[in-house]
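Peer 1: Encoded as C-alpha cells, here's the structure I'll be asking about.
Values quoted throughout were computed directly from the atomic coordinates according to the rules given, and no laboratory measurement underlies them. Remember, predicted model here, so these are calculated numbers, not experimental data. Glycine gets a Cβ as well: all are built from the backbone with ideal geometry, and neighbour counts include every protein chain shown.
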Amino acid sequence: MVTIYHNGECSKSKGALEILQEQGVPHTVRWYLMEPLSEAELRALLLKLHLPASALVRKSEPLYKEQFEGKTLTEEQWLHILIENPELIERPIVEIAETALVARPPERIFDLIGPPKP
C-alpha cells in the first residue's frame, strides 16, 4: 500500500495525489498537518527517505525564515522542530513498503510505482 503525506493546499502535493488516482494505485492519504507524525513515525520515514531531518525542512516557509534561518542546529533539534511544526516538512512524501521519496516534481512517484499506465 502506498501512503502519501499530503497537504491539500500544496500544488505539488495535489499533483502527486492526482497521479496516484489516475494510475489506479491503491493508497492512503495522511493529512500530516491535521494528524502530525509522532517522533517514531518521523524517524522511520527519514530512514526510508535516506535523509537527515534537516534535508526535509521547507526553507521557503515564513516560519523557517522568521525562527530558524541562519541557526546552527543538530539533526536531533531539527527532528523535534519538524514534529512540533509539521508545516516545515517538505511535501509531498510518498511511501511504499520500506522506501519513500519526496515527490518533487510529482512525476517522481513513478520511481516508486513503475512507469505510467497508458
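Peer 1: Quick one: net charge of LEU17's neighbours, Cβ under 14 Å, K/R +1, D/E -1?
Peer 2: Counting the neighbours of LEU17, the net charge comes to +1.
Peer 1: Straight distance only, please: which lysines reach the Cα of LYS59 with their own Cα at less than 17 Å, same-chain residues fewer than 8 apart left out?
Peer 2: LYS12, LYS71
Peer 1: Please give the helix 11-22 orientation as an angle from the longest Cα principal axis of the chain, in degrees from 0 to 90, rounded to the nearest 10.
Peer 2: 30 degrees
Peer 1: Only residues of region 1-44 count here: report those whose backbone N is under 17 Å from the spot 7 Å along Cα→Cβ of LYS117, or say none.
Peer 2: Answer for region 1-44: 1-3, 17-28.
Peer 1: How large is the charge dipole for the chain, taken about the Cα centre, if only the Cβ atoms of Lys, Arg (+1) and Asp, Glu (-1) carry charge, to the nearest 20 debye?
Peer 2: Roughly 300 debye, rounded to the nearest 20.
Peer 1: Estimate the FRET efficiency between THR72 and GLU18 by the formula 1/(1 + (r/R0)^6), using the beta-carbon distance for r and 25 Å for R0, to the nearest 0.05.
Peer 2: Calculated value: 0.05.
Peer 1: Remind me, relative contact order of region 2-113 in percent, using alpha carbon pairs under 8 angstrom and six or more residues apart?
Peer 2: 37 percent
Peer 1: Would you mind calculating the gained length between THR3 and ALA40 on full extension (0.36 nm times residue separation, minus the Cα-Cα distance), in nm to one decimal?
Peer 2: Working it through step by step, the gained length comes to 11.7 nm.
Peer 1: Then there's this: What value, in deg cm²/dmol to 500, does the helix sum -39500 (n - 2.57) over DSSP H runs of n ≥ 4 give at 222 nm once divided by the residues of the chain?
Peer 2: Calculated mean residue ellipticity at 222 nm is -10000 deg cm²/dmol.
Peer 1: Separation of region 91-114 and region 31-50 by C-alpha centroid, Å?
Peer 2: After rounding, the separation between the Cα centres reads 14 Å.
Peer 1: What net charge do the residues around GLU107 carry, taking every other residue with its C-beta under 14 Å from that of GLU107, with Lys and Arg at +1 and Asp and Glu at -1?
Peer 2: +2
Peer 1: What is the set of long-range amide H partners of ILE93 at a cut-off below 5 Å, with H atoms built 1.01 Å from backbone N?
Peer 2: For ILE93, whose amide H was placed from the backbone, the distant partners under 5 Å are TYR5, ALA103.
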